[in-house]
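What follows is a short report on a single structure.
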Amino acid sequence: MPNPGPCPACFPSTTCRLRLTALALVFLSCAAVAGAQTLNPRFVSFAPSDDHSLLDSNGRPVVTCYEFEIFQPSSVRPLLVANIGKPMPAADGIIYVDFMNVIGRPPLTGVPLEARVAAVGPAGRGESDVSNLFLFEGPAPAPSPSDQPFRATPSVRITSPSSGSVLPVAATVIVTAAASDATDQIAGVIFYVNGSLLRGVYAAPYTVSWKAETAGTYTFTAKAVSASGLQATAEVTVSVSPYAGSRSARPRPADAPPAGAAKARPVAKQNAAKK
């Protein structure tokens, strides 16, 4: 769906009645609303303005539309502003919008971003609180000009489990990473297993859990992302075995004595003395 452009008749006013409930935006990677996602978001949900369905004294809607804005953290100028129309709230009172269907592609990849939604109408506009941090996967942007401050690459290591560990089937594995940056803040750590996304964690401690359901070899990857978009990764490889942690004896030949059994000493035969 093409972007319909800015909302019409949007003029700042000190008498603006628009007010968005102070609710952090929640991004989802699919249509399900079961859990918040902060990696490659597609949907945005927000509480509508209290004036969503009201008319002013001239019979005009107080809210004409909503605008979706994407920023880099701490920036006052949005990277993108998109008119997402005026959707009706769902049965739970929340508005859900597939914003990627409106904007087409991310304005920036490989760096943390945040967003706001603004209710816009003839009397002015009212903005929501800033969203949770999110990230579109892709290459980091080109290096900053030389007059920008130097930013070191973050460091990350997986502290648990240790590489080479053998884990039992059906075990719950706690994967923990330590991340730091000498010149910047850590925006988050994103975890993968055999290349598939587990979850992104955007505040310490950087920990996720994973259920070892099938025997095999698994590689856990932790990708640390700094606030300026620089990245570093660490990996460990573990094995999952149905025999891990088992005290059962290994199969042995049928004529072998049981473990721990005393062994009889051979008795030398003496020849009877001839008389």
Under the rule rounded for a/c under 1.5, else prolate if a/b exceeds b/c, else oblate, using alpha carbon gyration tensor axes a ≥ b ≥ c, the range 164-204 is classed as prolate
For Glu67, Glu213, ascending order of other Cβ atoms within 10 Å (fewest first) is Glu213, Glu67
Quick calc: nm separation of the 7 Å Cα→Cβ label points for Ile103 and Thr183 -> 2.8 nm
Between Leu55 and Asp129, the two model label points (7 Å from Cα along the beta-carbon direction) sit apart by a distance in nm of 3.4 nm
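How would you rank 47-58, 85-96, highest first, on the average number of other Cβ atoms within 10 Å across their residues? Write out the running numbers ahead of the final one.
Numbers: 47-58: 14.8, 85-96: 12.9.
For the peptides 47-58, 85-96, the packing ranking is 47-58, 85-96.
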Burial-style ranking of 202-209, 184-191, average other-beta-carbon count within 10 Å with highest first, yields 184-191, 202-209
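Read the figures in this text as sums done on the coordinates, not as results from a lab. Only a predicted model underlies this, so the values are computations on that prediction, with no experimental measurement involved. With ideal geometry, Cβ positions are generated from the backbone for all residues, glycine too; neighbour counts draw on all protein chains shown.
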